[in-house]
There are 2 protein chains.
Amino acid sequence: MDDAGGGSGEERVPWTDPRYQAAVVELLGLLACTELIAFERLASDCTLAPTLGDEAALAAMAAARVRHLTRLRERLTVLGADPDAAMTPYVTVLHDFHVKTAPSDWFESLVKAYVGDGIGTDFYRELAQLVDPDTRELVAEVCEDTGHAEFAVTKVRAGIATDPRLAGRLALWGRRLVGEALSQSQRVAADRDALVALLLGQVGEPGGLDLTELGQLMGRLTATHTDRMTRLGLQP
Amino acid sequence: MDDAGGGSGEERVPWTDPRYQAAVVELLGLLACTELIAFERLASDCTLAPTLGDEAALAAMAAARVRHLTRLRERLTVLGADPDAAMTPYVTVLHDFHVKTAPSDWFESLVKAYVGDGIGTDFYRELAQLVDPDTRELVAEVCEDTGHAEFAVTKVRAGIATDPRLAGRLALWGRRLVGEALSQSQRVAADRDALVALLLGQVGEPGGLDLTELGQLMGRLTATHTDRMTRLGLQP
């Protein structure tokens, strides 16, 4: 990538360039792996649900992730990539994230489903601004709210109403989730050159982000995270 | 139910009768619980998958069960029943079945997904013949092959081609699954009067089964089970 420029966009390679194609495969592989591991974790959290209705709602969230996974793997195949190979680099880091943030009860799992997945989705939506229209559309589809955010908010607020001490513990939990997400993102960034090149505008036509824009992106992620914590009734 | 007749149908209560409605709620509750527990088990078996592609395929099977679960719970609500209450009586017996038949490897989980769920689905399809058209249509929809039978057959046959000793172990496993399914069905039958009344034609218009017909039903279940084992390359 030493012939590709920085955020200015002047020396970027176009969408038809193999280096851009490699970056898109890395992005879709990351998204597909995110969906698969999110499915595993939501499914396993089902055992924490206090009622069969709650379990059915969490199972529906898990099933939505599988629909996304299937779409992403189909696209990888269309692009001539091997979906398994594209997903493999992210398995360990995403597993580690989930092991380190295994919820100890139903409320922690709800906060994780809403806050943890929310910040991930926001980040992927930002990346979608840097890719070709077809990929952008697919990423937007995969990042659509699966309609279950409201479920988490309602249940967590009701839990806090019943036991106000819950708010302090869950606020700490929300902060820990973000800290872990950040630390795992850095591991991904250190390993995946093409993805970073995409973010920094070294590949792809619309240009990437310069340092100011990266700062603004972090600001937007933080702001929507704060909104979500507030909606849950938690101190951000 | 002492005013309801046997298989002859002459003294049966009609579909509008509250006793018939109770039987339909029991049936839909059983189906919904079957789908939820099948989802849990398929999702947890995902960790046995040898490749990410295999895991994605099993995850898609799990997600299909959640779609069925959602449809069944919606219908229970439309019928004025509480979906959780309708599902609750079956949780223990279905959990017990899955604990007693926890697969020890990927191939056992595939055989279970195909053979175990197959025999359950066949039985529910038979019950569907005894209910009103709306319920029949929903049961048929839920029993549709989720398109993954072929996946199990291909993978198991390939496994046996690589390691022929697998065939003997999996054949025993298939027989154990049927034995456990039968024993758990008897527990359900002993507990759920309305379901049994439906099967024996004591409620509902189209009439239930007499002893000869019950025997024929068992014969049909056995025949399709044998077909499935043969397709897998296993001695039934």
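Is the stretch B:36-105 rounded, prolate or oblate when judged by the Cα gyration tensor, a ≥ b ≥ c being the square roots of its eigenvalues, rounded requiring a/c under 1.5 and prolate requiring a/b larger than b/c?
Oblate is the answer for the stretch B:36-105, as a/c is 1.5 or above yet b/c matches or exceeds a/b.
Considering only the other residues whose Cβ falls under 10 Å of the Cβ of B:Gln184, what net charge follows from Lys and Arg at +1 and Asp and Glu at -1?
Values: positive: B:Lys100, B:Arg187; negative: B:Asp96, B:Glu180.
Summing Lys/Arg as +1 and Asp/Glu as -1 gives 0.
Taking a 1.4 Å probe, which of B:Ser183, A:Ser104 shows the most accessible area, and what order do the others take after it? If you can, show how the numbers build up before the last one.
Details: B:Ser183 50, A:Ser104 85 Å².
Largest to smallest exposure gives the sequence A:Ser104, B:Ser183.
Could you tell me what percent of the accessible area of chain A is made up of carbon and sulfur, with a 1.4 Å probe and every protein chain present? Intermediate results must be reported in sequence, preceding the final value.
Values: 5700 of 10290 Å².
Solvent-exposed carbon and sulfur of chain A make up 55 percent of the total.
Copy-to-copy spacing for A:Arg176, label 7 Å out on the Cα-to-C-beta vector, in nm, shortest first?
Between copies, matching label points for A:Arg176 lie 3.8 nm apart.
Write down the accessible area per residue of the stretch B:116-235 in Å², having rolled a 1.4 Å probe over the full set of protein chains. Let's see the in-between values first.
Numbers: 6010 Å² over 120 residues.
Here the residues of the stretch B:116-235 average 50 Å² of exposed surface.
Going out from 0 in 5 Å bins, what whole percent of all Cα-Cα distances in chain B drops into each bin?
Reading the bins upward from 0: 1, 7, 14, 18, 19, 16, 11, 7, 5, 2, 1, 0.
Kindly provide the GluC sites (Glu not before Pro) of the stretch A:111-181 that DSSP labels as loop, not H, G, I, E or B, and whose Cβ sees at most 14 other Cβ atoms within 10 Å.
Numbers: sites: A:Glu126, A:Glu137, A:Glu141, A:Glu144, A:Glu150, A:Glu180; in loops: A:Glu144.
Loop-located and lightly packed - A:Glu144.
7 Å along Cα→Cβ for the label point: how many nanometres lie between A:Ala85 and each equivalent label in the other copies, listed shortest first?
Result, one decimal in nm: 5.7.
Quick one: if the Förster radius is 56 Å, what FRET efficiency do B:Gln186 and A:Leu182 give, using the C-beta to C-beta distance and rounding to 0.05? Numbers along the way, then the final one.
Numbers: r = 55 Å, r/R0 = 0.97.
After rounding, the FRET efficiency stands at 0.55.
Less than 16 Å apart at the alpha-carbon level, and either on another chain or at least 8 residues along: which lysines does that give for B:Lys100?
Candidates past the 8-residue exclusion: B:Lys112.
Obtain the nm distance between the two label points defined at B:Thr212 and B:Asp96 by a simple spin-label model: each point lies 7 Å from its Cα along the Cα-to-C-beta direction.
3.5 nm
The stretch B:83-98: which residues show an accessible-area loss of 30 Å² or more, assembly versus chain alone, 1.4 Å probe?
SASA drop of 30 Å² or more in the stretch B:83-98: B:Asp84.
Using Cα springs under 10 Å in a Gaussian network model of chain B, which residue among B:Leu198, B:Leu138, B:Leu72 shows the largest mean-square fluctuation?
Largest GNM mean-square fluctuation: B:Leu138.
With solvent modelled as a 1.4 Å probe, how much accessible area in total do chains B and A shield from it at their shared surface, in Å² to the nearest 100? Walk me through the intermediate numbers first.
On the way: alone 11140 and 11130 Å², together 20600 Å².
Chain pair B/A: roughly 1700 Å² of buried accessible area.
Enter the per residue convex hull volume of the stretch B:134-236, computed from alpha-carbon coordinates, in Å³ rounded to the nearest integer.
Details: hull volume 11.4 nm³, N = 103.
Convex hull volume per residue, Cα atoms: 111 Å³.
Describe numerically, in nm with one decimal, the distance between label points set 7 Å from Cα along Cα→Cβ at B:Asp227 and at A:Glu141.
Computed distance between label sites B:Asp227 and A:Glu141 equals 3.5 nm.
So for the stretch B:107-236, taking the charge dipole from beta-carbon charges (+1 Lys/Arg, -1 Asp/Glu), which of B:Leu200, B:Val188, B:Gly159 sits furthest toward the positive end?
B:Gly159
Roughly what angle does helix A:18-45 make with the longest principal axis of chain A, taking Cα atoms, 0 to 90 degrees, to the nearest 10?
Roughly 10 degrees, rounded to the nearest 10.
Largest first, what is the accessible-area ranking of A:Asp191, B:Asp163 with a 1.4 Å probe? Intermediate values should be presented prior to the final figure.
On the way: A:Asp191 110, B:Asp163 50 Å².
From most exposed to least exposed: A:Asp191, B:Asp163.
For peptide B:51-64, what's the mean number of Cβ atoms from other chains within 10 Å of each residue's Cβ?
Working: counts 4, 14, 5, 1, 7, 12, 2, 1, 11, 7, 1, 6, 12, 2.
The per-residue average across the peptide is 6.
Could you order peptides B:92-98, A:77-83 by the average number of other Cβ atoms within 10 Å of their residues, highest first? If you can, show how the numbers build up before the last one.
Numbers: B:92-98: 17.4, A:77-83: 14.9.
Top to bottom by mean Cβ count within 10 Å: B:92-98, A:77-83.
Sort shortest first the distances from B:Pro50 to its counterpart in every other copy, using label points 7 Å along the Cα-to-beta-carbon line, and give them in nm.
Label-point distances to the other copies, shortest first: 4.5 nm.
Give me the percent relative contact order of chain A, please, defined on Cα pairs under 8 angstrom at least 6 residues apart. Write out the running numbers ahead of the final one.
Working: 281 pairs, mean separation 78.9, N = 236.
Dividing the mean separation by the residue count of chain A yields 33 percent.
So if we plug the beta-carbon distance of B:Asp193 and B:Thr162 into 1/(1 + (r/R0)^6) with R0 = 45 Å, what FRET efficiency do we get, rounded to 0.05?
Working: r = 49 Å, r/R0 = 1.09.
After rounding, the FRET efficiency stands at 0.35.
Quickly estimate the mean residue ellipticity at 222 nm for the protein assembly as shown, helices only: each DSSP H run with n ≥ 4 gives -39500 (n - 2.57), and the total goes over all residues, rounded to 500. Spell out each step's value before the answer.
Values: 20 runs with 341 residues, N = 472.
Theoretical 222 nm ellipticity from helices: -24000 deg cm²/dmol.
Could you compute how fast the protein assembly as shown diffuses translationally, taking Rh as the Kirkwood radius over C-alpha pairs and applying Stokes-Einstein at 4 °C with viscosity 1.567 mPa s? Give it in µm² per second.
Details: Rh = 24.6 Å.
Approximately 53 µm²/s, per Stokes-Einstein.
Using unit Cβ charges (K, R positive; D, E negative) and no other charged atoms, how large, in debye to the nearest 20, is the dipole of the protein assembly as shown about its Cα centre?
Numbers: 46 positive and 70 negative charges, 211 e Å.
Roughly 1020 debye for the protein assembly as shown.
The values are calculated or read from the model by the stated rules, or taken from the named source; none is laboratory data. These numbers come from a predicted model, not from an experiment. Every residue, glycine among them, receives a Cβ derived from its backbone with ideal geometry; neighbour counts consider all protein chains shown. Only protein heavy atoms, including side chains, enter the accessible area calculation; ligands, DNA and RNA are left aside. Shrake-Rupley method; radii C 1.70, N 1.55, O 1.52, S 1.80 Å.
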